[in-house]
Structure formats: C-alpha cells, structure tokens
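Chemist: Take this structure, written in structure tokens, and hold onto it; I'll ask about it next.
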Amino acid sequence: MIACLVVMRASAAEPATRPQPSGKLVDLGGHKLHVNCTGKGSPTVVVENGLGDFSFDWILVQAKVAVLTRVCTYDRAGYAWSDPGPKPRTFAQINLELRDALAKLREKGPFVLVGHSYGGPVIRNFTMTYPQDVAGMVLVDSAHEGLRVGIGGKATMRLGDGARSVSIPRRTRT
C-alpha cells in the first residue's frame, strides 16, 4: 500500500499535457474563440452547447453530421480553448461573437442552428437578431428564457435576465 501511495504522488507531480484544440482559434479583436468545422455541403449546421458543455462533447454527433453536410461546433468565450470574452455575457454578445467568428472563417449561411439546453434560448435570440442567417433551428432538451438556474449553489437567476434592456454590442471588424 505504501508503494502505491508513492507512485500516485510521483505521477501527480508530473505536469499534465493540455490537449490541442480540434479546430481553429478565431481572433475576435481581444479574445479568441475556438471553432471546429468539418464536412462539406449546405446548409452548415452550427451547434450551440448547453451551459458548462464544450465543443468536443458533440464529437460523435459531429462525425455523423459531417458525412451529410458541413457542421461547426464551438466553445463560447471562457470555455475549453476559447479565451474569456467581454462582459456582460448576454445572448446578444454570445451571438455577435459566433456570427463574427463564422464570418472570419468564411462559413456561409444561412445556418441550421442546434441549441442544446442553455443553447436553446441562445439560438432563439440569434434567430430573432439575424433572421437572414438562419435556415432552421433544432432544439435539443432546450431551456427557456424564464428558466431559473442556480449559480454556485447560492443564488438563482432567470436565463433571460441578463439580456433585458441591453443593446446589441457593436459588430467587431472583419
């Protein structure tokens, strides 16, 4: 048993290697967003993750969809390989960053948006803000703007609260 503990401590002291991003890091003028696009075809499917989820959570789905058409997964600012972004983190800010990143990658819309959980209200906002960029939506176990969620086990907030009375940020230059 002592030998096991020594081995465990020795391996814990070794530096962990960080996995490399599967896609591209897109510079949005102050922070980078990780976007992974695969496959060919139209329309391009864009996946908006649930709260706390990452682009690689969709790798098995992405592989199947990529056989049929183009598909992009990404990490919102502050998640996985993406840098933290400007605050407040409203739906408008999240969607502006996604739209700008897709434009910088020269991904062509209109897009089919897939919103999982928290991603559901995010893509509904995208659709209302940029209707010309949306061919369709798929909601996967979607949350809604009025849903109350716990933050750190303490306070609760409604998902849509941060988006009220907030102007859409100015578009970053491409």
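The values are calculated or read from the model by the stated rules, or taken from the named source; none is laboratory data. Just so it is clear, the structure is predicted and the values come from calculations on it, not from any experiment. Positions of Cβ are generated from backbone atoms using ideal geometry, with glycine treated the same way; all protein chains shown enter the neighbour counts. Areas reflect the complete protein model, heavy atoms only, side chains present, ligands, DNA and RNA absent. Shrake-Rupley method; radii C 1.70, N 1.55, O 1.52, S 1.80 Å.
Chemist: Conditions first: (1) of a type in the set (A, V, I, L, M); (2) touching a Leu at 6+ places or on another chain (Cβ under 8 Å); (3) open to solvent by 10 Å² or more (accessible area, probe 1.4 Å). VAL65 passes all but one, so which condition is the exception?
Modeler: The failed condition is (2).
Chemist: Within the stretch 22-44, how many residues are of a type outside the set (S, T, N, Q) and either open to solvent by 20 Å² or more (accessible area, probe 1.4 Å) or at positive phi (or both)?
Modeler: Here the count works out to 12.
Chemist: So in the stretch 1-31, with the set limited to residues that are touching a Phe, Trp or Tyr at 6+ places or on another chain (Cβ under 8 Å) and modelled with pLDDT of 95 or more, which one is farthest from GLN62 (Cα to Cα)?
Modeler: Out of the qualifying residues, it is LEU25.
Chemist: Give me the strands (runs of 3 or more DSSP E) completely within the stretch 61-148, filtered to those with at least 2 residues that are among the aliphatic types (A, V, I, L, M) and modelled with pLDDT of 95 or more, ordered by residue number.
Modeler: Working: elements: 71-75, 111-116, 134-140.
Output list reads 111-116, 134-140.
Chemist: Answer yes or no as to whether GLY109 is more than 14 Å from GLY23 (Cα to Cα) and under 13 Å from the mean Cα position of the chain (by Cα).
Modeler: No.
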